[in-house]
Amino acid sequence: MRKLYFGTNTKMFKTIAQTEAYLMQLTALTEDLDRDVSELFVIPSFTALASVGPICRKAGIVLGAQNMGWEDEGPFTGEISPLMLREVGVQLVELGHSERRHILGESDAMVNRKLLCALRNRLLPLLCIGETQEQKQMRLSEQVLRTQLKAALYQASGDAASSLRVAYEPVWAIGESGQAASSDYVAHMVAVIRDELAQLFGAEASLTVPILYGGSVNSANAVSLAHVPQIDGLFIGRSAWDAENFNAIIRSVLMS
Ligand code: PGA
């Protein structure tokens, strides 16, 4: 059976206390789930990482960071080092989320440097890619996805496929004003992503890269999105920030 991945990024929400309470509840609700069948990962704010590290480790929940600098150390005010993340138990790092690209001006070249740095430091990169509404209208979606993948993975070794995860998150589908993509649309784009990964890493290795869908996933659409061919999981924002709701979504997919 293929492993399924369920994750959430809490963005700039939840204090340390709120993150702890959330993770304790999520742990209790999901402790019977076989982590080899379904992986759970949570990506909280930087300030919460150190205190929730032990909770996640005990619960078998993978802990992620929302961003990272591209050097181990140096004069980079405001950035965080992979060594600092590893020190507090972080295993995964989210790179290139749409909000970082489009609100904070992160370029493909920056995402590439961060990704190579994550690999060097044995952190699992969760690479987020996705086209804007305008690019979709101009029928550029496929090219955008291929370019973002090629650029982010430039000079990555063949081994990168074994730790990489890709989240396909169309920019127009994310957040309050977003609308989830249809299953057919996601199926088409995921096939494009898989094809590009095959060109970069070879067909066999490309199949080992989990591809997740994100963007307005909720309890009404999770099952159909999780069943899109070649999708390995869901990356959820708002609908996962309540532990009961997240648990309900996970179970609905696992039982479908
Ligand atoms: P959303 O966020 O589920 O709230 O749309 C998804 C994301 O930004 O990853």
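Computed from the coordinates by the stated procedures, all read-outs in this text should not be read as laboratory data. Bear in mind the structure is a predicted one, so any value in this text is a computation, not a measurement. Counting neighbours? That spans all protein chains shown, and the Cβs are built from the backbone with ideal geometry, glycine included.
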Packing-based exposure ordering (other Cβ within 10 Å, fewest first) of 117, 56, 128: 117, 56, 128
Pairwise label distance in nanometres, residue 254 with residue 71, each label 7 Å out on the Cα-Cβ vector: 4.4 nm
Gain on full stretching of the segment that runs from residue 227 to residue 102 - 0.36 nm per residue minus C-alpha separation: 42.1 nm
GluC sites (Glu not before Pro) within region 125-195: DSSP coil, no more than 14 neighbouring Cβ in 10 Å: 176
Nonlocal amide H pairs with residue 124, under 5 Å, H built at 1.01 Å: 92, 93
Mean shadow area of region 91-177, taken as a quarter of the surface of its Cα convex hull (nm²): 5.8 nm²
Kirkwood hydrodynamic radius of region 158-202, Cα pairs, Å: 12.0 Å
FRET efficiency estimate (nearest 0.05) - Cβ-Cβ, residue 157 to residue 35, R0 35 angstrom: 0.80
Trypsin sites (Lys or Arg not before Pro) lying in DSSP loop within region 112-219, provided at most 16 other Cβ fall within 10 Å: 122, 139
Most positive-pole-ward Cα, 177, 192, 158, against dipole of region 146-196 from beta carbon charges: 158
Rg/Rg_ref, region 1-116, where Rg_ref = 2.2 N^0.38 Å and atoms are Cα: 1.11
Nonlocal amide H pairs with residue 167, under 5 Å, H built at 1.01 Å: 127, 128, 129, 212
Amide hydrogen neighbours beyond the local backbone of residue 39, cut-off 5 Å, H modeled: 4, 5, 6
D (Stokes-Einstein, µm²/s), Kirkwood Cα radius, the chain, 1.306 mPa s at 10 °C: 87 µm²/s
Fully extended contour minus Cα-Cα distance, from residue 88 to residue 179, at 0.36 nm per residue: 29.2 nm
